[in-house]
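Student: Shown below is the structure under consideration.
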Amino acid sequence: MSRLVRLAQWQALKAHRRTWRGRHLRDVFAQELRRFERFSAALDDLLLDYSKNLISAETLALLRDLGRVTGVEERVAAMFRGEPINNTEQRAVLHVALRNDPSVPIYVQGRDVMPEVAQVLARMERFANAVRSGRWKGHTGAAITDVVNLGIGGSDLGPAMACRALAPYGHKRLRMHFVSNVDPQHLGDTLAPLKAESTLFIVASKTFTTLETLANAQAARRWLLKKLKDKSAIARHFVAVSTNRAEVKKFGIDPEHMFGFWDWVGGRYSLWSAIGLPIALYIGMDGFRELLAGGRDMDGHFRADPLASLPGTLALLAIWYQHFWGASAHGVMPYDQHLARFPAYLQQLCMESNGKGVTRDGRAVRWDTGEIVWGEPGTNGQHAFFQLLHQGTRFIPLDFLVATRTHSDLDGQHQMLVANCLAQSEALMRGKTRAEATAELAAAGLPAREIRRLAPHKAFPGNRPSNTLLYGQLTPRTLGRLIALYEHKVLVQSAVWDINAFDQWGVELGKQLAGTLIRELGSARPGAHDSSTVGLMRQYLKLRTPH
Ligand code: F6P
């Protein structure tokens, strides 16, 4: 499929795009009174309104044709069958097995993986129950009050995002902390107020070779030993989550206290595995199973008709804008403070998965891949960067996420939030014409000259598309559905682009160079680099100690 842009279906979309010239969504809505009913779909109480998009039924049909001819359905089926669709690493991609109905087998190389999945879940459950009930004691007999997850990327972002999102379900005694950065200030600031005797560390690393995580884990161990002065304390205060038993043992964590997972779980898809242990500790295993059930709901929905599903629709719309409208980024705006870390989580999911420059068979792609994803919770974004979205020159489609019910007691205020969310998507879609701006200024009694001067600044182009995801309440199940929705969106996009969404070789070069630079800075002897790198190293070495 390396000739994507030459496909008849691609060319048909190009021609179809021309029919949109000069059309404005404001007029489209005025003409199509049932547009919302036509272009919205739901999975239970999760509603996707995609009517404020620059599409017609024909656009959707053409996009689905493109999806069909690029093999989206086959790729989806192959993933669920456990085939090694991560073809550069020859691995199956089976995060869906982690949330699968345990009685339905899924095979990897002829072996049903479901019994092992159930086994790990059962161990997580026993451990979570023990910590939550206070039966699991620290070295001095104190119950655990603080859990510190040491991990980075997929071993951090998912659990950190989910614990924040599900705070209303959190155990009252447990405070959850996530330390990812190798910057010692991250760990130092986190540990400063904690008591070693009631702190539990989870060292979370798929490979157990990640520099940042291991450095933080070593530092955390030193901190604990300094406070508790007894090596045997490690066993009560450190557990590991990894696929690498040998390295865990080498680090000094008893494999008895290790929760395993498998190479067919990608890092950024791993929160459903034992990497989700912080979530299970915090909201309990029933809640964690609800999260898994939410993922499973979305899997069933997606698998039944990938191209017409909610994830398929989001993916195809993104393709439409990226390639045929010149979209430069995609904003995700949760009007839900508990989803504050959701955009950061999506950045890894979308950009590490689909930021690829060659096709699955290694040929350079001749179309843009990946999406630049960013976002902030509403209404904060409105007072920061929404100006650019409304009146700037760039074309940036958005997803709005909003709940119909809040967990907060200040319920009246939630309605203001919802109103703001709906107002933004309406404003982006409708805009304000020069005539409307002129009439407003005239109504305010401004003189004609002033009106002429100000009207261009007060007009909004509109015609800027967005999706709105409206859900009941941010429960574990809803969160599971939302995460799986975006996971599958990424898969559909990758299939259309003919790239492998499940490897991440692009992070390796920086790691290699960092290894060299760490050694050189350690010996204060810059090696052979470009003049910029050497100059910066020399300056650092000169100024690192305060005068
Ligand atoms: O460097 C990128 C990456 O490999 C991510 O894909 C992964 O989520 C993260 O590092 C952490 O890896 P690990 O869980 O093996 O420590």
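The values are calculated or read from the model by the stated rules, or taken from the named source; none is laboratory data. Computed from a predicted structure; not experimentally measured. All Cβ positions, even for glycine, are placed from backbone atoms using ideal geometry, and neighbour counts span all protein chains on display. To get the accessible areas, we keep the full protein, side chains included, count just its heavy atoms, and leave off ligands, DNA and RNA. Shrake-Rupley method; radii C 1.70, N 1.55, O 1.52, S 1.80 Å.
Student: I'd like to check something: does the stretch 339-355 contain any residue that is over 16 Å from PHE400 (Cβ atoms), outside any loop (DSSP other than H, G, I, E, B) and more than 16 Å from the ligand (Cβ to nearest atom)?
Tutor: Within the stretch 339-355, not a single residue is over 16 Å from PHE400 (Cβ atoms), outside any loop (DSSP other than H, G, I, E, B) and more than 16 Å from the ligand (Cβ to nearest atom).
Student: Ok, one more. Anything in the stretch 361-375 that is part of a loop (DSSP other than H, G, I, E, B) and buried (at least 18 other Cβ atoms within 10 Å of the Cβ)? List them, or say none.
Tutor: The answer is THR369, GLY370, GLU371, GLY375.
Student: From the list SER353, SER408, which residue is among the hydroxyl-bearing types (Ser, Thr, Tyr) and without any contact (Cβ under 8 Å) to a residue 12 or more places away in the chain? Full working, then the answer.
Tutor: Working: SER353 fails: without any contact (Cβ under 8 Å) to a residue 12 or more places away in the chain.
Going through SER353, SER408 in turn, just one is among the hydroxyl-bearing types (Ser, Thr, Tyr) and without any contact (Cβ under 8 Å) to a residue 12 or more places away in the chain: SER408.
Student: Across the stretch 65-113, what is the number of residues that are among the aromatic types (Phe, Trp, Tyr) and farther than 19 Å from ASP305 by Cα?
Tutor: 1
Student: Quick check, is TRP262 assigned to a loop (DSSP other than H, G, I, E, B) and within 15 Å of the ligand (Cβ to nearest atom)?
Tutor: So TRP262 fits the description; yes.
Student: Oh, and also: Determine whether the stretch 212-235 contains at least one residue that is within 20 Å of LEU277 (Cα to Cα), open to solvent by less than 20 Å² (accessible area, probe 1.4 Å) and outside any helix (DSSP H, G or I).
Tutor: No, the stretch 212-235 has no match at all.
Student: Within the stretch 274-301, how many residues are within 16 Å of the ligand (Cβ to nearest atom) and touching a Ser or Thr at 6+ places or on another chain (Cβ under 9 Å)?
Tutor: 3
Student: I've got another one for you. Within the stretch 236-247, count every residue that is among the β-branched types (Val, Ile, Thr) and surrounded by fewer than 23 Cβ atoms within 10 Å (Cβ to Cβ).
Tutor: Looking only at that region, the number is 1.
Student: Going through THR516, THR475, THR533 one at a time, which residue ends up being under 30 Å from SER408 (Cβ atoms) and open to solvent by 10 Å² or more (accessible area, probe 1.4 Å)?
Tutor: One residue alone meets the criteria, THR475.
Student: Then there is this: Can we say ALA122 is open to solvent by 30 Å² or more (accessible area, probe 1.4 Å), out of contact with any Phe, Trp or Tyr (no Cβ under 8 Å at 6 or more places or on another chain) and free of Cβ contacts under 8 Å to residues at least 60 places away in the same chain? Before you say what the answer is, go through the steps one by one.
Tutor: On the way: open to solvent by 30 Å² or more (accessible area, probe 1.4 Å): yes; out of contact with any Phe, Trp or Tyr (no Cβ under 8 Å at 6 or more places or on another chain): yes; free of Cβ contacts under 8 Å to residues at least 60 places away in the same chain: yes.
For ALA122, the condition - open to solvent by 30 Å² or more (accessible area, probe 1.4 Å), out of contact with any Phe, Trp or Tyr (no Cβ under 8 Å at 6 or more places or on another chain) and free of Cβ contacts under 8 Å to residues at least 60 places away in the same chain - is met.
Student: Search the stretch 248-257 for residues being more than 16 Å from the ligand (Cβ to nearest atom) and surrounded by 14 or more Cβ atoms within 10 Å (Cβ to Cβ), and hand back the single one that is nearest to PRO278 (Cα to Cα).
Tutor: HIS257
Student: In the stretch 28-46, which residues are touching a strand residue (DSSP E or B) at 6+ places or on another chain (Cβ under 8 Å) and open to solvent by 50 Å² or more (accessible area, probe 1.4 Å)? Lay out the reasoning, then the answer.
Tutor: Of the residues in the stretch 28-46, the ones touching a strand residue (DSSP E or B) at 6+ places or on another chain (Cβ under 8 Å) are 36, 39-42, 45-46.
Once the filter is applied, which keeps residues that are touching a strand residue (DSSP E or B) at 6+ places or on another chain (Cβ under 8 Å) and open to solvent by 50 Å² or more (accessible area, probe 1.4 Å), the stretch 28-46 yields PHE36, ALA42, ASP45.
Student: State the number of residues belonging to the stretch 213-240 that are farther than 13 Å from VAL179 by Cβ and within 12 Å of the ligand (Cβ to nearest atom).
Tutor: The number of residues fulfilling the criteria is 1.
Student: Right, next: So which residues in the stretch 88-103 are over 26 Å from LEU63 (Cα atoms) and modelled with pLDDT of 95 or more, if there are any at all?
Tutor: Once the filter is applied, which keeps residues that are over 26 Å from LEU63 (Cα atoms) and modelled with pLDDT of 95 or more, the stretch 88-103 yields THR88, GLU89, GLN90, ARG91, ALA92, LEU94, HIS95, ALA97, LEU98, ARG99, ASN100, ASP101.
Student: Can you tell me which residues in the stretch 67-79 are open to solvent by less than 20 Å² (accessible area, probe 1.4 Å) and either under 19 Å from PRO105 (Cα atoms) or at pLDDT below 95 (or both)?
Tutor: Passing the criteria: VAL76, ALA78, MET79.
Student: Something else: Of all residues in the stretch 412-467, which are free of Cβ contacts under 8 Å to residues at least 12 places away in the same chain and either of a type in the set (S, T, N, Q) or in contact with a strand residue (DSSP E or B) (Cβ under 6 Å, 6 or more places away or on another chain) (or both)?
Tutor: GLN413, GLN415
Student: Consider only pairs whose beta carbons are under 7 Å apart and that are at least six residues apart or on different chains; among these, list those whose first residue lies in the stretch 481-506 and is touching a residue at least 40 places away in the same chain (Cβ under 8 Å) and whose second residue is among the aromatic types (Phe, Trp, Tyr).
Tutor: Hits for this filter: GLU487/TYR269; HIS488/PHE302; TRP497/TRP367.
Student: Could you tell me which of the residues ALA327, ALA364, ALA340 is farther than 30 Å from TYR169 by Cα, touching a residue at least 24 places away in the same chain (Cβ under 8 Å) and small (Gly, Ala, Ser)?
Tutor: Exactly one of ALA327, ALA364, ALA340 is farther than 30 Å from TYR169 by Cα, touching a residue at least 24 places away in the same chain (Cβ under 8 Å) and small (Gly, Ala, Ser), namely ALA327.
Student: As an exercise: evaluate THR243 against (1) more than 22 Å from SER155 (Cα to Cα); (2) within 16 Å of the ligand (Cβ to nearest atom) and give the number of the one condition it does not meet.
Tutor: Every listed condition holds for THR243 apart from (1).
Student: Could you count how many residues in the stretch 258-286 are open to solvent by less than 10 Å² (accessible area, probe 1.4 Å) and over 20 Å from the mean Cα position of the chain (by Cα)?
Tutor: The total comes to 4.
Student: Separate question: Mind listing just one residue for me: the one in the stretch 484-513 that is touching a Leu at 6+ places or on another chain (Cβ under 7 Å) and farther than 25 Å from ALA364 by Cα and, of those, nearest to the ligand (Cβ to nearest atom)?
Tutor: Filtering the stretch 484-513 for residues that are touching a Leu at 6+ places or on another chain (Cβ under 7 Å) and farther than 25 Å from ALA364 by Cα, the one nearest to the ligand (Cβ to nearest atom) comes out as TYR486.
Student: Then there's this: Within the stretch 174-212, which residues are touching a residue at least 40 places away in the same chain (Cβ under 8 Å), farther than 12 Å from GLY151 by Cβ and within 12 Å of the ligand (Cβ to nearest atom)?
Tutor: If the condition is that a residue be touching a residue at least 40 places away in the same chain (Cβ under 8 Å), farther than 12 Å from GLY151 by Cβ and within 12 Å of the ligand (Cβ to nearest atom), then LEU211 is the only one that fits.
Student: Take the stretch 175-191 and flag every residue that is under 19 Å from GLY276 (Cα atoms) and open to solvent by less than 20 Å² (accessible area, probe 1.4 Å).
Tutor: VAL179
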